[in-house]
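**Q** Following this message is one structure expressed as structure tokens.
Each reported figure results from applying straightforward, stated rules to the coordinates on display, with no laboratory input. All values reported here derive from a predicted model rather than from experimental measurement. Note: ideal-geometry Cβ built from the backbone for every residue, glycine included; neighbour counts use all protein chains shown.
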């Protein structure tokens, strides 16, 4: 079963690569099935069994998600975008766009609003399956520790008072109507102007979406010895005035100082757990002596958690100056 999870993940990765390169000819079930060495019927059956969505529906929705971002962010004509993503005409693209998002491409370009995009599925995840790491390779990068001042911004998010860790967070959220992984991540993916968005297409990989811990007297006691509430969201400019989805909260975050614990790129399958342990150890043992700072556990302060194995794994923790 795990091997098929890998195979479907390979298809999902290939779909995104082809869409980004406008390579519509390679985006056929026949082509992708041939790469796996199975029949189209068998491949599409396994795809739906593992991903929960038919192959053709997933492909159509991912194309529309990429197209929506071009409508939102580029100055290309609607017709050119339609052709780039395999639609036969402006009308065909408009019909598909409106049927999926409830608004035409032209209307959306004039007034972007949060809509639920189809984010990239991840059918194979060693951490989720409890497989740990392979452990054959070890990163040579040490933990970098440095202080930063982060300008005022807003934080649009959902939060869960009961969860304990990333996967537990989403397992609990998936039980709440309208706050499940697919809906929340799809909405956040569609929002324009995210401060951490560098074009990534799925959560925690450059799409601007991040996990965070909010210092909260009503939260859970964490391993670091203070009360916190887990959240998932995006950072937005301080002057953001866009629509806020009803199931989310928008929080003003003032300019403040933080300490960053950062690890460089690493192999997720081979190193994820050990890298996480290394960062947590660095945070627990960090000596503030001579820095003039201490961790700030004031209610409302936020710890941001950035996870992108191709770039970095880092915690950004709030600090305060020591009193003389």
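**Q** For segment 3-49, I need the span (max minus min coordinate) of the C-alpha atoms along each principal axis, in Å, sorted largest to smallest.
**A** So the three principal-axis extents are 26, 17, 16 Å.
**Q** How much space per residue, in cubic angstrom, does the convex hull of the C-alpha atoms of segment 2-110 take up? Mind showing how you got there, number by number?
**A** Numbers: hull volume 10.9 nm³, N = 109.
Per-residue hull volume (Cα only) is 100 Å³.
**Q** For the residues 234, 103, what sequence is obtained by ranking on other C-beta atoms within 10 Å, fewest first?
**A** Working: 234 26, 103 16.
With the sparsest Cβ surroundings first, the list reads 103, 234.
**Q** Among 309-317, 64-72, what's the highest-first ranking by average C-beta atoms within 10 angstrom per residue?
**A** Details: 309-317: 18.7, 64-72: 20.4.
Highest to lowest by the protection proxy: 64-72, 309-317.
**Q** From Cα coordinates alone, what are the radius of gyration and Dmax values for the chain in angstrom?
**A** Cα radius of gyration and Dmax of the chain are 21.3, 72 Å respectively.
**Q** Now for a separate question. On C-alpha positions alone, give me the angle between the axis of helix 268-285 and the longest principal axis of the chain, in degrees, nearest 10.
**A** In the chain, helix 268-285 runs at an angle near 20 degrees to the longest axis.
**Q** Which semi-axis lengths, in whole Å and largest first, follow from the square roots of five times the eigenvalues of the Cα gyration tensor of segment 229-288?
**A** On the way: eigenvalues 191, 61, 25 Å².
Rounded to whole Å, the semi-axes are 31, 17, 11.
**Q** Tell me, 248, 20 in order of fewest to most beta-carbon neighbours within 10 Å? Don't skip to the end; give the middle numbers.
**A** Values: 248 22, 20 11.
In order of increasing Cβ crowding within 10 Å: 20, 248.
**Q** Between segment 285-324 and segment 234-274, what is the C-alpha centre distance in whole Å?
**A** Spelled out, the Cα-based centre of one part sits 13 Å from the other.
**Q** Rounded to a whole number, what is D in µm²/s for segment 259-324 from Stokes-Einstein with the Kirkwood radius over alpha-carbon pairs (25 °C, 0.890 mPa s)? Intermediate results must be reported in sequence, preceding the final value.
**A** On the way: Rh = 13.1 Å.
The Stokes-Einstein estimate is 188 µm²/s.
**Q** Tell me, what is a quarter of the convex hull surface for the C-alpha atoms of segment 144-321, in nm² with one decimal?
**A** Details: hull surface 40.3 nm².
Mean projected area of the Cα convex hull: 10.1 nm².
**Q** Sorting check: for 292-304, 183-195, which peptide has the highest mean count of neighbouring beta carbons within 10 Å, and how do the rest follow? Let's see the in-between values first.
**A** Details: 292-304: 17.0, 183-195: 21.2.
In descending order of packing, they fall as 183-195, 292-304.
**Q** Compute the long axis of helix 90-101 from its Cα atoms, compare it with the longest principal axis of the Cα atoms of the chain, and write down the angle in degrees, 0 to 90, nearest 10.
**A** Tilt relative to the chain: about 40 degrees.
**Q** By counting other Cβ atoms within 10 Å of each Cβ, how are 229, 43 ranked from fewest to most?
**A** Values: 229 19, 43 23.
So the residues, fewest neighbours to most, are 229, 43.
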